[in-house]
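Comments concern the structure below.
Any read-out appearing in this document is the output of simple, stated calculations on the displayed coordinates, not a laboratory observation. The shown structure was predicted, so the numbers you read here are calculated from the model rather than taken from an experiment. No Cβ is skipped: glycine too gets one built from the backbone with ideal geometry, and neighbour counts run over all protein chains shown.
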Amino acid sequence: MGKQQGGRGKRFADRNRRAGGDARREVRSERKAAAASLARTGRDDRRSHEGKPVAAPVRGRTASPVHGDFIEGRRACTEALRAGFPVKRALVAAGEGKDPVLAQLVDYLHATGVPVITVPRSDLDVRSAHGAHQGVMLEAGAFPYAELADVVARAGDGAALVIVLDHVTDAGNFGAIVRTAEVVGAAGVIIANKRAAEVTVATYKTSAGAVMHLPIARVPNIARALEDLKKAGFWCVGASEHATGTCWDTAFEGRIALVMGSEGEGISRLVLDTCDDLTRLPQRGRTESLTVAQATTALAYEWLRRNIAELGDAGAAVSSQGRAVTAPGAGE
C-alpha cells in the first residue's frame, strides 16, 4: 500500500475525530449538491436557444504511442480485435493462406480495415516473444485514453468508485488494478501522464482485456484531479499503512475516489494532503504489506460490499468505451 511518514495518519485521524461524523456527512452532502448543480448546468448548456437538445461535444482523447508491441497467436489476436484494442497493422506469415482458421482471421482483418502485410515466417520468429505466433501478429496502435470528465460522466449521480493511482510504475500491478476496477464496476481509473505505467500490450494481457472496458484517464496533476473529483461529489480516501483506522471503520459509502500510492514511495505529500481521509487494511501477520494491486483489490471489494444494495446488479453495467464486435473463431 506504500509507506508514509509516521504521525501523518494520526494527524488525519485527529482531524477527522474533531470534525466528527456530522461534519463529514455535511461536506459530502455539499459536494453532492454541487455535483448535481454542475450536471444541471451542463445539461442546460447543451440546449439550443430554441430549447431543443443538441448533441454534446465529443471530448478529445489523448493517445500514447506504443512502439514495437506485438500481440501474437491466433486466439490472442482475435480476442484483441473483439475487444477493440487499437491495431496498426497485422503481420501474416507467407504460405499460410490454405489454413482455414488463419484465412478467416485475415478476412476479418481486411473487413475491419487493418492493414495486412505478408512477411516470411522467419520475420515473425524474430519478433516473437515466445515462439508461438501461429503465423500472425498484430502491432499495437495508440491507446485511446479518456478525459477525467469522461470518468465523472460514467459515474452518474449515485454511488461510484474511481481508482486514482499516484505514480504506480509496475505494468503488472497496473494491469491487475485495472482488472479489479472493471470487475467491481468502478467508473474508471486515473493515472499520471508521466512517471507512471501506461497502457501497453502487456497491460492489455495482465488486465485480461479490461483496459478496453472502462475509461482510463491520464492527468498532468493527481492532486488537481482529486480536487475536480471532490467538486463532482467524491470523497477522497488515501490508502496508507500508517493510517490509524482500518477500512472496516472508514466511510466507504457513496462516491469514493480511492487513492493508491506508488510501489516504493506510497502517496506523495501533496496528494496525501489533498485526501479527505486515510485508511489501511487490518493485518495480523509479519509481512510488511500487500502489493499495491492486492491492496487495491481488497479495498475495492470493501467499497462494493458497502454499496451493493444501492448499486444493484453490477454485472449489468455496460462499458461506454468497449466495442462490441463479432470476430471469427480463433481456433487453438
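Indicate, rounded to the nearest 5 percent, the antiparallel portion of the DSSP beta bridges found entirely in segment 197-314. Mind dumping the intermediate values first?
Numbers: 1 of 9 bridges.
Rounded to the nearest five, the antiparallel share is 10 percent.
For Val116, list long-range residues whose amide hydrogen, built 1.01 Å from N in the peptide plane, is under 5 Å from its own amide hydrogen.
Under 5 Å from the amide H of Val116: Ala90.
Bin by bin, in steps of 10 Å, what percent of the Cα pairs in segment 67-141 do you find, going until the bin that has the longest distance?
Reading upward from the zero bin: 21, 62, 17, 0.
How do 114-126, 98-110 rank on mean C-beta neighbours within 10 Å, highest first? All intermediate terms of the calculation are to be shown ahead of the outcome.
Values: 114-126: 13.4, 98-110: 16.6.
Ranked from most to least packed, the peptides come out as 98-110, 114-126.
At q = 0.20, 0.23, 0.32, 0.34 Å⁻¹, work out log10 I(q)/I(0) for segment 245-291 with the Debye formula, treating every Cα as an identical point scatterer and leaving solvent out; two decimals please.
Those come out to -0.82, -1.03, -1.28, -1.29, one per q.
Just want to confirm a number: the relative contact order over segment 67-141, from Cα pairs under 8 angstrom separated by 6+ residues, in percent.
Numbers: 112 pairs, mean separation 40.9, N = 75.
Taking the mean separation of contacting Cα pairs over the length of segment 67-141, I get 55 percent.
Residues in segment 221-247, backbone N under 20 Å from the label point at Leu290 (7 Å along the Cα-to-beta-carbon vector): list them, ranges by number please.
236-247
Hey, rough spin-label estimate for Lys88 and Ala298, points 7 angstrom out along Cα→Cβ, what's it come to in nanometres?
Between Lys88 and Ala298, the label points sit 4.1 nm apart.
Shape of segment 153-194 from its Cα gyration tensor (a ≥ b ≥ c, root eigenvalues): rounded if a/c is under 1.5, otherwise prolate when a/b > b/c, or oblate?
Values: a/c = 3.35, a/b = 1.67, b/c = 2.01.
Oblate, because a/c is 1.5 or more while a/b does not exceed b/c.
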